[in-house]
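Below is one structure, written out as structure tokens, with a few remarks after it.
The values are calculated or read from the model by the stated rules, or taken from the named source; none is laboratory data. Worth saying up front: this structure is predicted, and the values here are computed from it rather than measured. Reconstructed Cβ throughout: ideal geometry from the backbone, glycine too, with neighbour counts over all protein chains shown. Note: areas computed on protein heavy atoms with side chains; ligands, DNA, RNA excluded. Shrake-Rupley method; radii C 1.70, N 1.55, O 1.52, S 1.80 Å.
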Amino acid sequence: MRNDQLSFKYSLQNDEVLYAEEDISIVSFSDIKNLIQMAKRTMRKRIRLCAHPSSLNHVHDMLIIHFHDTYVRPHKHLGKDETFHIIEGRLKIVIFHDDGSIFKIIDLNEYSSKGNFFYRMSKSYYHTVIPLSQVVVFHETTKGPFVEEDTIFPPWAPDGENKNDVKKFLGAIKQKIPKYKKFKEEETAESIGS
């Protein structure tokens, strides 16, 4: 990855995490398109642009890109709120009880869809994100600093290393999501029409 792919200076923490290096962060339409291309080249098909200069900041603003087959291991954040604003695409947030049963499913779409496009969670629940569109771009805000030990993973969800375990786990969740099949049919129709 080269610094000239985006319209601003950034540094790489790893192939999935970038930090903007300017005092004022401005992201353009073409920057989003370039971030999507960069995300395609990562092993886990995702990328996160941190607009805050370091993991030690007290407010973390991130632009995140996931693809339809991105697996986000269910997790919860101790003592942190989380806010999402969808910029492009569609996803479902699945919130779980501690035993792994589904507590709530939230549909989020880009603003132009006239559906839900914003969510905030103020309690530590296990949750995951399931992209419905080919690409989803969203803005996440949470409290810093980032402390790895404050992210808790449940014993009932795969860690992502074994693709068969992930496929089985996601398949079981998707069977419980109302209208999941309808969204996938719409997405296929959109892909064919593009």
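Below is a table of values for the structure above.
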read-out: Verdict on residue 92 being modelled with pLDDT under 95 and closer than 18 Å to residue 174 by Cα; value: yes
read-out: Test: residue in segment 110-129 that is surrounded by fewer than 16 Cβ atoms within 10 Å (Cβ to Cβ), in contact (Cβ under 8 Å) with a residue 12 or more places away in the chain and touching a helix residue (DSSP H, G or I) at 6+ places or on another chain (Cβ under 6 Å); value: no
read-out: Residue that is farthest from residue 26 (Cα to Cα) [pool: residues in segment 40-49 that are open to solvent by 10 Å² or more (accessible area, probe 1.4 Å) and in a strand (DSSP E or B)]; value: 46
read-out: Count - residues of segment 6-54 that are hydroxyl-bearing (Ser, Thr, Tyr) and within 14 Å of residue 135 (Cβ to Cβ); value: 1
read-out: Members of segment 25-39 found to be under 18 Å from the mean Cα position of the chain (by Cα) and part of a helix (DSSP H, G or I), listed by number; value: 31, 32, 33, 34, 35, 36, 37, 38, 39
read-out: In segment 130-153, the residues that are open to solvent by 10 Å² or more (accessible area, probe 1.4 Å) and part of a strand (DSSP E or B); value: 135, 139, 140, 141, 142, 143, 151, 152
read-out: Conditions (1) in contact with an Asp or Glu (Cβ under 6 Å, 6 or more places away or on another chain); (2) over 29 Å from residue 27 (Cα atoms); (3) of a type in the set (Gly, Ala, Ser); number of the one not met by residue 100; value: (1)
read-out: Identity of the residue in segment 136-194, within 30 Å of residue 58 (Cα to Cα) and of a type in the set (A, V, I, L, M), that ends up modelled with the lowest pLDDT; value: 147
read-out: Top-ranked residue in segment 154-170 [being closer than 16 Å to residue 128 by Cα and without any contact (Cβ under 8 Å) to a residue 24 or more places away in the chain; ranked as least open to solvent (accessible area, probe 1.4 Å)]; value: 169
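Conditions tested, residue by residue: (1) in contact with a strand residue (DSSP E or B) (Cβ under 8 Å, 6 or more places away or on another chain); (2) buried (at least 17 other Cβ atoms within 10 Å of the Cβ); (3) within 23 Å of residue 147 (Cα to Cα).
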{"residue": "20", "(1), (2), (3)": "yes, yes, yes"}
{"residue": "28", "(1), (2), (3)": "no, no, no"}
{"residue": "38", "(1), (2), (3)": "yes, yes, no"}
{"residue": "51", "(1), (2), (3)": "yes, yes, yes"}
{"residue": "54", "(1), (2), (3)": "yes, no, yes"}
{"residue": "61", "(1), (2), (3)": "yes, yes, yes"}
